[in-house]
1. What percent of all Cα-Cα pairs in the stretch B:273-498 falls in each 10 Å bin, counting up from 0?
2. Separation of the stretch B:144-196 and the stretch B:418-470 by C-alpha centroid, Å?
3. For B:122-131, what's the mean count of beta carbons from other chains sitting within 10 Å of each residue's beta carbon?
4. Please report, to one decimal in angstroms, the Kirkwood hydrodynamic radius of the stretch B:429-503 built from all distinct Cα-Cα pairs.
5. Compute the relative contact order of chain B as a whole-number percentage, counting only Cα pairs closer than 8 Å that sit 6 or more residues apart in sequence.
6. Identify, among B:H153, B:A116, B:L165, the residue whose Cα sits farthest towards the positive end of the charge dipole of the stretch B:96-179, taking +1 on the Cβ of Lys and Arg and -1 on the Cβ of Asp and Glu, with the dipole about the Cα centre.
7. Could you tell me how far the Cα centroid of the stretch A:82-135 sits from the Cα centroid of the stretch B:31-55, in Å?
8. Could you tell me the relative contact order of the stretch A:2-298? Use alpha-carbon pairs under 8 Å, at least six residues apart, and round to a whole percent.
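Bear in mind these aren't lab numbers, they're just calculated from the coordinates by the rules spelled out. These figures come from a predicted structure and were not determined experimentally. Cβ: placed from backbone, ideal geometry, glycine included. Neighbour counts: every protein chain shown.
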Amino acid sequence: MIIDILAGAVRGGTSIMYAGLGETISERGGVINLGTEGAMLLGALGGYAVTAETGNPWLGVLGGALAGALLSLVHAVLVVSRRANQFASGLTLYFLALGVTSLFGVSYVSRQINAFTPVPVPGLSEIPGLGPILFDHDPLVYVAYVAAPVIWWVLFRTRVGLLVRTAGERSEALEVNGYSVRAVRYCATVAGGALAGIGGAHISIAYANSWFENMIAGRGFIAVALVIFAMWNPVRIMAGAYLFGAALSLASVLQTSGIAVNQFALNAVPFVLTLVVLAILGRRTMLAAPDELLKVFDNSRTT
Amino acid sequence: MSTDAVARARGRVGKPAALLEVRSLSKRFGEVQANWDVDLTVLPGTVHGLIGENGAGKSTLLKMIYGVYTPDEGRMFVDGAPVAPGSPADARALGIGMVFQDLRLVPALTVAENIALALPEGPRLRLTQLAARITEASEAYGLAVDPSAQVRHLSIGERQRAEILKVLMTGARLVILDEPTSVLAPQEVEALFGVVAQLRDRGLGVVLVTHKLGEVRAIADQVTVLRGGQVILNAEDPGNFSDAELVEAMVGRRVPPLAVERAAVPPRDHPVLTLAGATALGDRGHVALKGVDLAVYPGELVGVAGVAGSGQKELCEVALGLRPVTSGSVDAGDGAAVAVPEDPVADSVVPGLTVLEHMVLDGRAVPRRGLGVDWPAVGARTAVLDERVGLHMAPTRRTLSSLSGGNIQRVLLTRELGQDAALVVAAYPSRGLDVANTRRTQELLLEHRARGAGVLMVSEDLDELIAVADRIAVMHDGHVVGVVDTAGADRMSIGRLMLGGVA
């Protein structure tokens, strides 16, 4: 059962991880995107629709990424160009995405697709314990293994990453050195949305293999909270995402093994966990917060 | 560079081409003629001191040289060739580097990352390689700094060295230092001047902007004094001038020495402010004030010295009850307290309200008429106050937030220092003020002291503190590391305390 829970943690945490990595990039660049949940919803529907129409789940991933990127582009226009309040814009976009996906998703409810299937890694999946936990999953899970360290490397070892971090820490330092804060923030926000979209697509075309209304069920909001716990570090996002994945998988594993626990109580576990972590860490995480984000938190300003 | 420009540059026989030559530069902002017909020449291997009061046009001139503003009229030459930098990047490409007063480094990044940001290099950050180059350059110029340290953890002096290194590594041949010493301890100033001398010896040009005349005399080869946007004095060898002569050039008239009779401090028995083991957190949640013991007695002026960010702000806020202590105690008695905040714009200015409206925001009883405020009475009261304080506030109908920093400061100083109080807490009271108003502010603080108030005054100008304070509490890293009697105090030993050493 432990192995089931842990394997479920990896599978269930993957979507949160993509969204968390995306939000990390966005916030490192100085933009908080509460619309992450919405970008995941659009990604889930976009991914499902493209997979249904083309029969190719990889094209579905692309569709999901584009859908998430599109929503975040709107966010970027509002908060970077128009300097609108980041919280208001993000929340509004979430509700917009919820409505849009409910409306246009109707025709995909209960439609069959050619979903991702688990691809056991030859050899590695045979390892007792570790094999089923880590190496018997759909391809997007494996991509995520690589994505976290790669995003860490890009953020901390490349010029692009340096520009993103500078945009989030002290944007005028970019201007002084002849870069455009606006361009960097647009790129970071849109890239973040694309990753959230992939996370959403993972839910619909690899995890649940179906589309239904509001199927993200708060994972996007958990991802936003996770970014804070992980102190804006992609590698910690990975660990945190699997922790939340475990909380999510607990419900289904307990159910299948015949232990009767109230379904609604189990669904609340990830959110209770979020509150507990927030309470424990308190203000401490804010020491690691990018300075420009503190401006957003403290004054609800977006400059 | 066009060929005829080269020819023209070569045509000047006998004189080495100036690194930078500015001819008849003028710049106007609306009604204000910020610069008028300004000339400035910096030869290679020289240090050029640029002095002037706030608002004299120094920063306008620098910003035109650095490509931030475009001059309305006039011409600039680098190495004899005409140039018109349209952006800081253009200026840097011409070899002009600027070390800003507020230091533009990103605190969360390392020194190497900050320098990488300024260097036009490839998509991958080769930080190890870059660190080696930084170490090499820092040894060559005597600018010790750890490339892998996060800027957040560096002292102001180290940050400044990193910033200078950055400017040098981007290929600057003309280094402009904008008020570099205002935040440094005396020892750090000496070290900085060592670096400046070395830059000069290597044939670079240095423009040193300052308001400390002693520094200009000590290190500059040439001096230019700006007043009202115009060059008032341009001379070689400023060492030949006296302080009084340079001040007169800056201010336009003689400034008499501080003229307040200073009575001896009465016996110290009932303090107006007592801090015992006061510990408090800063805005980021770190411990910013660490077990501070300090008492301020009636009839004395206690100065607070320290390099910027050593806990001065938190000390003032704790003294005023604005910031809670996490341990220890604060007792500010029952008497009235007045205060000038460290960041007036953030702490005391209500956007949209006029100067007059701000005059009733100090907690005193407000003249009433019916249910409303009796504004004519407030206006009359304010006029009397302005007359008595003598800092000449802006018209009371102006919106306070639209005024310049110095004018905002004068309004707040008038409101706060114009009333009687048992405790006066003044953080950087003379910030943004010209020489005459600075002098008047010091007199006001001394008048409070003479009336028996206890005055706590933070300043980054050690000379100012030595001139007006009875005792100086020196802060370092959140601690008060020593309290020095001003009589017979020695700058260097205060400086050692500021840097965390022992006196």
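1. 8, 33, 35, 18, 5, 0
2. 30 Å
3. Working: counts 2, 5, 5, 7, 1, 3, 0, 0, 0, 0.
So the per-residue partner count for this stretch is 2.
4. On the way: mean 1/r = 0.0757 Å⁻¹.
Hydrodynamic radius (Kirkwood, Cα pairs) of the stretch B:429-503 is 13.2 Å.
5. Details: 1015 pairs, mean separation 72.3, N = 503.
Relative contact order for chain B comes out at 14 percent.
6. Projecting each Cα onto the dipole axis, the largest value belongs to B:A116.
7. Comparing the Cα centres of the stretch B:31-55 and the stretch A:82-135, I get a distance of 62 Å.
8. Values: 575 pairs, mean separation 110.5, N = 297.
This gives 37 percent for the stretch A:2-298.
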